[in-house]
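Have a look at the structure below before the remarks.
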Amino acid sequence: MRRESGLVETFTVTIMILLIGAISFMVVVGVMTHLTNRPFLISYATSKSMEPTIKYGDLFIIIPKELCKIERGDIIIFNSEEGILVHRIVGYRDGGYLTKGDANPFIDQERISPVKDDQIIGKVLMLGGKPVLIPRLGIFITKLLANIQVYRVWLGAGLGIAGISLIIYDAKKGEKKRERAVTRLKIRDIFIISAIFLLTLSTAFMLMSRAEHEIIYITSPTGGEFAKAPGEEFEQVMEVRNKGLIPIIVFTTLHGKTSTLNSEPPLIIAPLEARTLHIRLRAESEIGVHREKLRMRWYPLLLPPLIIEKLYYINELCPIAMINALLLSPLIALYAFHYRSIRFIIIGGNRRWMR
């Protein structure tokens, strides 16, 4: 009985660590993707251009270019005029690399310039000449996160808490006495450290999830191809891209005298997808150069869009507080449920148990 209880407790602690680690890893990936403005460590194929080597939706591991040597035959991730591409190096020209998708008959450089070193993000991890892949995991993650609703989050958290509670209760029944302890870990400390770590990462990610763009135009008395006449209405189009693996909701505000948004904010953008933002402006009457500022703020779509929108218009920090509360709720609930009965995880001899 004790051996079975020890195994159950070890399994319980392992699952908790894995869940916290998985959430923390996703937050770290999100933060680094935002800071570097490029995929970080992992990504997945969003087209069929590399089939059959990398199929649509296959998740792959990225080795940053700073940690590897780029050679012919490598599958690289790079910035191009068409966006971020994942193609194989097939040659060299004009001091740059020639690339091609395995499923494409022609090289990319028939329509874009050779790839320079500063365009390369990294290369796909390969073993034995084949990329290390998790088949179709990208599709699963996209569908799962794109369709997430708050009731599903709460239901999953509730079921997880209930399941772990039953496991802990069963484990406690099998232990009658304390054995020699080699290490004693306070449950309270484990939960506090985990909560602080997760809260710091998620808050940092959301605080940095903002950008500002400047729209510049010229007014002249008669207007023309490169200038606008006073009072003339015109449109600017901007692509807003989500480079992360979590769907986001994007709020946009314009700071100018005559500009308006010709779209209904907020924008909801699926992982690794893009949406088009239409901005209508009316040229000022004063002749000269004019600037309009477009500010964007985005949040991970972990709550229903309507709730995030209402919180955002109260204060930009309100969605951050609510999303953090949602992320921390399973930890808080589990600790509150067990803090009186389980105070330590005791590791001693060949057994592990809880007190």
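Computed with the Debye formula from one identical point scatterer per Cα of the range 59-134, without solvent, the log10 of I(q)/I(0) at q = 0.15, 0.24, 0.26 Å⁻¹ comes to -0.46, -1.19, -1.37.
Take every Cα pair under 8 Å in the range 207-312 that's 6+ residues apart, average their separations, divide by the length, and report that relative contact order as a whole percent. In percent, rounded to a whole number, it is 39. For the range 104-116, the Karplus equation 6.51 cos²θ - 1.76 cosθ + 1.60, evaluated at θ = phi - 60°, returns couplings of 8, x, 10, 6, 5, 6, 6, 10, 10, 6, x, 7, 8 Hz by residue, with Gly and Pro reported as x.
Order 191-197, 310-316, 44-50, 205-211 from most to least packed using the mean count of other Cβ atoms within 10 Å. Can you show the working numbers first?
Working: 191-197: 15.1, 310-316: 13.4, 44-50: 19.3, 205-211: 17.3.
The densest-packed peptide leads the list: 44-50, 205-211, 191-197, 310-316.
Under the simplified labelling scheme, the E286-Y313 pair shows an inter-label distance of 3.2 nm, with each label point 7 Å from Cα along Cα→Cβ. Cross-linked pairs K48/K69; K48/K130; K48/K293; K48/K123; K65/K130: Cα-Cα separations exceed 28 Å for K48/K293.
How long is the gain from L137 to E235 if the chain were fully straight, where each residue apart is worth 0.36 nm and the alpha carbon distance is subtracted?
On the way: separation 98, 0.36 × 98 = 35.28 nm, distance 3.89 nm.
Between L137 and E235, full extension yields 31.4 nm more.
About its Cα centre, the dipole of the range 59-134 is roughly 260 debye, where the only charges are +1 on Lys and Arg Cβ and -1 on Asp and Glu Cβ.
If you take the Cα Rg of the range 207-312 and divide it by 2.2 N^0.38 Å, with N the number of residues, what do you get? Rg over 2.2 N^0.38 Å, computed on Cα atoms: 1.23.
Remark on I77: its backbone amide H falls under 5 Å from those of I121, G122, K123, V124, a criterion applied only to residues 5 or more positions apart or on other chains, H modelled at 1.01 Å from N.
Restricting to Cα pairs below 8 Å that are 6+ residues apart, what does the relative contact order work out to for the range 59-134? Please round to a whole percent. Before the final figure, lay out the partial values.
Values: 136 pairs, mean separation 29.3, N = 76.
In percent, rounded to a whole number, it is 39.
For I61, nonlocal amide neighbours, meaning residues 5 or more places apart or on other chains whose placed amide H falls under 5 Å from its own, are L125, V132.
Taken together, the values in this text are just the output of simple stated rules run on the coordinates, not laboratory data. Here the structure is a predicted model, which is why all the values come from computation and not from measurement. No Cβ is skipped: glycine too gets one built from the backbone with ideal geometry, and neighbour counts run over all protein chains shown.
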